[in-house]
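Student: Mind looking over this structure? Questions follow.
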Amino acid sequence: MVILTQTDTTVGFVSQNKQKLNLIKSRNSSKSFIKVYDSFRSFSQANIRVPHAMKNTLRRAKQTSFVVKNKAFRVSFSDCNSQLLRDLKWHYSTSANESGKNFERGFCEDKTDIIIEDKKGLYENSSSTILKINNIKKVKIR
């Protein structure tokens, strides 16, 4: 299933099925998605080895995604009241739009299975910062 919701950064599509997300966004399948974990415990079970020198950076980051050895991820502590989202330990996340275009509510409502919206509504905001990290340095990609 594909969920349309306000993420910690912007309005986005959330799913554990990246093929469906590629189809919805008309996106090249070779382009990867950011995998969002609900906690550091879930993240640690994913066996992604973060360089020791960068662990503190990861723990303190807000609205930041990381790339380690071509795996993109983010740990996001959602304050969403939806039990559906709280039950997902991880999901793929992408902005809710066609590839290269801006948010259009009509397009998104047609392409999603479930819409989760609170009293603030759905709004487009700036996307997360992306840092590529290794043992020595971190490089800002976006």
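Student: Would you be so kind as to identify which of Val50, Gly12, Trp90 lies farthest towards the positive end of the dipole of the chain, taking Lys and Arg as +1 and Asp and Glu as -1 on Cβ and the Cα centre as origin?
Tutor: Value computed over the given set: Val50.
Student: Still on this structure: Would you order Val50, Val11 from fewest to most other beta-carbon atoms within 10 Å of each residue's own beta-carbon?
Tutor: Starting with the residue having the fewest Cβ neighbours, the order is Val50, Val11.
Student: Efficiency by 1/(1 + (r/R0)^6): what FRET value for Leu23 and Ser127, r their Cβ-Cβ distance, R0 = 25 Å, to the nearest 0.05?
Tutor: Working: r = 21 Å, r/R0 = 0.84.
Efficiency computed from Cβ-Cβ geometry: 0.75.
Student: Under the rule of at least 5 residues apart or a separate chain, name every residue whose amide H is placed under 5 Å from the amide H of Ala72.
Tutor: Lys35
Student: Need the full-extension length gain, Arg60 to Ser44, defined as separation in residues times 0.36 nm minus the C-alpha distance. One decimal, nm.
Tutor: Computed gain between Arg60 and Ser44 is 4.2 nm.
Student: Right, here's the next one. Under the rule of -39500 (n - 2.57) per DSSP H run of 4 or more residues, summed and divided by the residues of the chain, what mean residue ellipticity at 222 nm is obtained, to the nearest 500 deg cm²/dmol?
Tutor: Rounded to the nearest 500, it is -5000 deg cm²/dmol.
Student: Treat segment 1-71 as a sphere of radius equal to its Kirkwood radius over Cα pairs and apply Stokes-Einstein at 10 °C in a medium of 1.306 mPa s; give the translational diffusion coefficient in µm²/s, rounded to a whole number.
Tutor: Numbers: Rh = 14.0 Å.
My calculation gives 114 µm²/s for D.
Student: What is the mean projected area of the alpha carbon convex hull for segment 76-134, to one decimal in square nanometres?
Tutor: Numbers: hull surface 22.8 nm².
Projected over every direction and averaged, the Cα hull of segment 76-134 covers 5.7 nm².
Student: Tell me, His52, His91 in order of fewest to most beta-carbon neighbours within 10 Å?
Tutor: His52, His91
Student: Additional query: Work out the P(r) tail for the chain: percent of alpha carbon pairs separated by more than 22 Å, whole number.
Tutor: 37 percent
Every number in this text was worked out from the coordinates using simple rules, so none of it is lab data. Please read these numbers as outputs of a predicted model, since none were measured by experiment. All Cβ positions, even for glycine, are placed from backbone atoms using ideal geometry, and neighbour counts span all protein chains on display.
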